[in-house]
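To start, the structure under review is shown below, and the notes come after it.
The values are calculated or read from the model by the stated rules, or taken from the named source; none is laboratory data. Nothing here was measured: the structure is a model prediction, and the numbers come from that model. As a convention, Cβ positions derive from the backbone with ideal geometry for all residues, glycine included, and neighbour counts pool all protein chains shown. Only protein heavy atoms, including side chains, enter the accessible area calculation; ligands, DNA and RNA are left aside. Shrake-Rupley method; radii C 1.70, N 1.55, O 1.52, S 1.80 Å.
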Amino acid sequence: MSLLSSSFLAYQPQASSPVRIPRVLTIAGSDPSGGAGVQADLKSIAAHSGYGMAAITALTAQNTRGVRAVHIPPADFLTAQLDAISDDIRIDAVKIGMLADAAVIGAVHAWLERTNPAIVVLDPVMVATSGDRLLQDTAEAALQALLPLADLITPNLAELAILLNEPVAADWAEALAQGKRLAARTETTVLVKGGHLAGSDAGSCPDALINTGGVLGQETIEVQGDRVATRNSHGTGCSLSSALATVQVRVGDWEAALREVKPWLQGALRTAGSLDVGSGNGPVHHFHHLQQTPVAGEFAAHLRAGATDDLEAIYGLDFIRGLSDGTLPEKEFAYYLAQDAIYLNGYSRVLARVSALAPTEAEQLFWARSSQQCLEVESELHRTWLSTRPTASAPGPVTKSYVDHLLAASVTGSYGVLVAAVLPCFWLYAEVGATLHARFLDAGAPAGHPYADWLRTYADEEFAASTRQAIAYADTAAQYASRTERDAMTRAFAESSRYELEFFDAPRTHG
């Protein structure tokens with residue numbers, strides 16, 4: 001029975017009810033640069049496994065440097081959008097963002113009273129990150145009347161002050177006091193956000209849920225977090241509020257929702273620079289948790305760290321110790337070389353496959369040359385040691401398993417996975433060879449050492465240079481790979497590293 005079939009039989013999936021996908025409607029303005037408004041909302045909803053819908057309240061001409069113009073479609077067209085959605089689709093949660101003017105707010109107010117959604121999160125968008133005003137002064141009274149219809153209100157500190165007609169809070173204690181006053185006035189839950197708090201601790205960024213009605217079980221619940229130093233915060237408020245609306249459908253508890261969303265948003269801020277969008281306040285990285293691109297050298301370091309135990313085990317083998325000091329029985333070395341010749345024949349075919357999958361001409365040439373060199377090494381082995389000594393002509397169990405593993409990686413169609421699979425034969429061989437050659441030199445390079453030629457071969461600078469190039473190609477492939485593919489690369493590399501250990505031990509166990 002194959003490993004695949006036995007694994008399949010070992011896993012018997014249990015029947016379960018379908019996972020509920022939150023259906024979340026955002027009512028907000030459009031940001032053509034994609035960082036805020038409905039574009040940020042829909043990304044946040046998707047990032048938390050929700051199904052996003054959008055009713056557009058305003059069209060903006062903006063980018064990461066600011067808002068250039070705002071066009072507000074007729075309020076009755078917004079009503080038509082809202083009715084079209086609610087007449088057909090069950091809405092689990094509503095997130096409200098930019099509303100722009102009194103007529104638009106009135107349309108939303110009337111629709112909420114008619115439909116009574118289960119969850120309403122209102123982000124009172126009044127001022128953009130760039131400082132541009134997004135709500136007409138004449139609309140503030142209408143917005144105040146809308147607040148009690150929300151289950152959660154998420155103003156930033158400037159918006160909180162405007163809603164209370166007070167100065168912006170100077171410290172966290174004052175911000176909490178303002179949040180309590182707004183919660184009391186609206187009789188709903190208020191999220192007080194410390195992200196814009198002036199002069200606060202550089203390492204701290206608290207948020208607090210406030211509800212004077214005690215629905216949360218206590219009046220104030222603070223959730224601490226790290227402050228992220230970045231100018232790329234465009235759409236942070238939109239992203240937070242829409243994420244909270246989505247998660248609340250699933251968890252049914254504002255504190256639990258905040259504790260889940262806050263770390264995600266901090267990660268979105270930390271990785272925002274990797275998006276490289278715009279020259280002003282760039283957007284946050286909504287999908288950082290799904291696609292974390294390693295920086296140059298990071299994935300290679302990850303692979304090398306994973307091979308540490310196998311390398312230490314290799315150096316502890318009797319075969320390696322005997323090879324190093326010249327006491328290894330010739331019979332064991334002959335078995336090793338015979339299996340190496342068989343392995344290299346299969347390895348060369350796999351390297352040819354790597355060349356065929358390679359995305360650049362330079363990589364194609366490198367892997368093709370490596371494949372050719374494998375055959376040349378195999379021929380040289382036959383011309384020297386193997387031609388004059390009786391050796392096994394059939395692959396041993398470790399050799400067969402190792403080659404089968406590489407061939408299996410070659411049929412995945414993934415260049416990155418295949419490169420990771422072939423890499424230990426470069427990397428671990430190079431490290432072991434260099435270490436043994438250094439020991440050989442430290443011992444005075446004795447002329448009678450029976451395996452001196454082998455030690456010199458794998459300490460060769462040309463092979464070391466090829467190894468460095470192979471590592472670099474694997475690292476680059478990881479930067480362009482998905483997270484799932486990088487995980488597969490890690491597994492392929494680890495499996496090959498294990499086979500390297502077994503291959504060095506095979507002369508003792510199978511020879």
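Of the residues making up segment 488-495, none is surrounded by fewer than 20 Cβ atoms within 10 Å (Cβ to Cβ), β-branched (Val, Ile, Thr) and either under 15 Å from Leu323 (Cα atoms) or without any contact (Cβ under 8 Å) to a residue 60 or more places away in the chain (or both). Taking segment 315-333 as the region of interest, how many residues are small (Gly, Ala, Ser) and closer than 16 Å to Thr457 by Cβ? Total satisfying the criteria: 2. Of all residues in segment 443-457, those that are touching a residue at least 60 places away in the same chain (Cβ under 8 Å) have Cβ atoms under 6 Å from Cβ atoms of residues that are surrounded by 13 or more Cβ atoms within 10 Å (Cβ to Cβ) and part of a loop (DSSP other than H, G, I, E, B), 6 or more apart or on another chain, in His449/Gly326; Pro450/Gly326. Checked against the criterion of being within 37 Å of the chain's Cα centre (by Cα) and open to solvent by 40 Å² or more (accessible area, probe 1.4 Å), the candidates Asp137, Asp171, Asp123 yield just one match: Asp171.
Note on segment 288-322: residues that are open to solvent by 40 Å² or more (accessible area, probe 1.4 Å), β-branched (Val, Ile, Thr) and in a helix (DSSP H, G or I) total 1. Candidates Ser401, Ser482: the one that is surrounded by fewer than 18 Cβ atoms within 10 Å (Cβ to Cβ), under 25 Å from Gln339 (Cα atoms) and of a type in the set (Gly, Ala, Ser) is Ser401.
Condition check ((1) open to solvent by 50 Å² or more (accessible area, probe 1.4 Å); (2) free of Cβ contacts under 8 Å to residues at least 24 places away in the same chain; (3) not acidic (Asp, Glu)) across all residues:
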residue	(1), (2), (3)
Ser86	no, no, yes
Ile89	yes, no, yes
Ile96	no, no, yes
Glu113	yes, no, no
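Evaluating Gln81 against the criteria (1) open to solvent by 40 Å² or more (accessible area, probe 1.4 Å); (2) under 26 Å from Ser49 (Cα atoms); (3) not hydrophobic (A, V, I, L, M, F, W, C) leaves one unmet condition, (1).
For Val422, the conditions (1) at pLDDT below 90; (2) β-branched (Val, Ile, Thr); (3) crowded, with 21+ Cβ neighbours inside 10 Å are fulfilled apart from (1). Filter segment 291-330 down to the residues that are of a type in the set (S, T, N, Q) and in contact (Cβ under 8 Å) with a residue 40 or more places away in the chain, then identify the one that is nearest to Thr509 (Cα to Cα). Checked segment 291-330; the qualifying residue nearest to Thr509 (Cα to Cα) is Ser324. Among Ala40, Ala107, Ala102, which is more than 30 Å from the chain's Cα centre (by Cα), surrounded by 15 or more Cβ atoms within 10 Å (Cβ to Cβ) and at pLDDT 95 or above? Unique residue meeting the criteria: Ala107.
Number of residues in segment 241-280 that are open to solvent by 10 Å² or more (accessible area, probe 1.4 Å) and under 22 Å from Ala118 (Cβ atoms): the value is 11. Within segment 67-77, the set of residues being part of a helix (DSSP H, G or I) and either among the small types (Gly, Ala, Ser) or touching a residue at least 40 places away in the same chain (Cβ under 8 Å) (or both) comprises just one member, Ala75. Among the residues of segment 323-367, those that are surrounded by fewer than 15 Cβ atoms within 10 Å (Cβ to Cβ) and under 37 Å from the mean Cα position of the chain (by Cα) comprise Ala356, Pro359, Thr360, Glu361, Ala362, Leu365.
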